[in-house]
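What follows draws every value from the coordinates through simple rules; no lab data is involved. On a predicted model such as this, the values are computed, not experimentally measured, just so you know. Glycine also receives a Cβ, built like all others from the backbone with ideal geometry; neighbour counts cover every protein chain displayed.
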């Protein structure tokens, strides 16, 4: 009965707060409706300047193919390489393509012409991927046999068949919502009570540490279920994206992640004395776990010492498992390792949160 009244107290505190109820409702809506449109790793709108020193039919055909590409914005033809390079230096263009004067002659004689690509590498991703796109167009134009072979190659994507980046990001965005809501709010809850002095009233009561910590955790588990339902409904209503695997596994994974982050938030609050201290500590670990989880870039691309951190990073296990269930339609057998690892890490964090809480009887 004591636990019941403590949980009621937590919900009353949340409801009486003018900001938290709005945050809990608005945050998942904003994340699901805005971030999938802007968190796109596909490079497009690369501005290209062309210097055509050949002025032949073949060189103009290459220019028209670049102009017709969806990845490039054809800015126009420059008279000299220096003029094109000046556009790059002043950020008016991203790439300059220089077609040599012997371009058509080399093609007619069966040789490969040397075409110069100068890319602005200040934005390394845009410069390198844009140069790769441009190289493919040049190769296909210079060697029609290769283009003919490529046109007959059929690619069959087993998962995410239309290569829709939103489908790849939406499951991972669930991790961000859970992390920020179920991690920060419990941490700030206890620290706020410390600063207000109300936690001392609980410390002098016979309420056990387990009951007190559990009363702090349960409301955020319920909030986690609400957030997951909102996110799944929005992904279906806005993007037409539904979970390919059992939906119950999405909730299981979400509850395990909510257990970890709510326990971690309470752990931080146990060692923090002020709101500012708790926010900085939480933000430090949130950024590290997020960047090292494989949410934005493949974790296998990281150095070995950085990849070793994924073995204790619950975000890595959650993102890997949620994408397996959401995209591939995998079942429990496909994510047994991730579920087991997430369970162990979450339980250890919950025990640590309870043991670290100092209660004065």
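In table form, for the structure just shown:
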{"quantity": "Nearest-0.05 FRET efficiency for residue 296 and residue 61, computed from C-beta distance (R0 35 Å)", "calculated": "0.35"}
{"quantity": "Spin-label model distance (nm) - residue 287 vs residue 336, 7 Å beyond Cα toward Cβ", "calculated": "4.0"}
{"quantity": "Length added when fully stretched, residue 16-residue 218, from 0.36 nm per residue minus Cα-Cα", "calculated": "70.9 nm"}
{"quantity": "Kirkwood-type radius of the chain, with distances r between different C-alpha atoms, in Å", "calculated": "24.2"}
{"quantity": "Value of relative contact order over the range 173-311, rounded to a whole percent, pairs C-alpha under 8 Å and six or more apart", "calculated": "40"}
{"quantity": "Order of 316, 90 under a 10 Å beta carbon neighbour criterion, fewest first", "calculated": "90, 316"}
{"quantity": "Cα-based convex hull volume of the range 212-264 per residue, rounded to whole Å³", "calculated": "66"}
{"quantity": "Using alpha carbons only: equivalent-ellipsoid semi-axes of the range 4-74, gyration tensor based, whole Å", "calculated": "60, 9, 7"}
{"quantity": "0 to 90° range, to nearest 10: angle between helix 20-38 axis and the chain longest Cα axis", "calculated": "20"}
{"quantity": "Residues 263, 69 arranged by fewest to most Cβ contacts within 10 Å", "calculated": "69, 263"}
{"quantity": "Pairwise centroid distance, computed over Cα atoms, of the range 38-91 with the range 1-17, Å", "calculated": "62"}
{"quantity": "Taking the chain and dividing mean pair separation by its residue count, relative contact order in percent (alpha carbons under 8 Å, at least six apart)", "calculated": "19"}
{"quantity": "Relative compactness, the range 180-303, computed as alpha-carbon Rg over 2.2 N^0.38 Å", "calculated": "1.26"}
{"quantity": "Sorted by Cβ density within 10 Å, fewest first, the residues 15, 61", "calculated": "15, 61"}
{"quantity": "When the range 46-152 is reduced to its Cα atoms, the Kirkwood hydrodynamic radius in Å", "calculated": "14.0"}
{"quantity": "Helical mean residue ellipticity (222 nm; -39500 (n - 2.57) per DSSP H run of 4+; nearest 500) of the chain", "calculated": "-21500 deg cm²/dmol"}
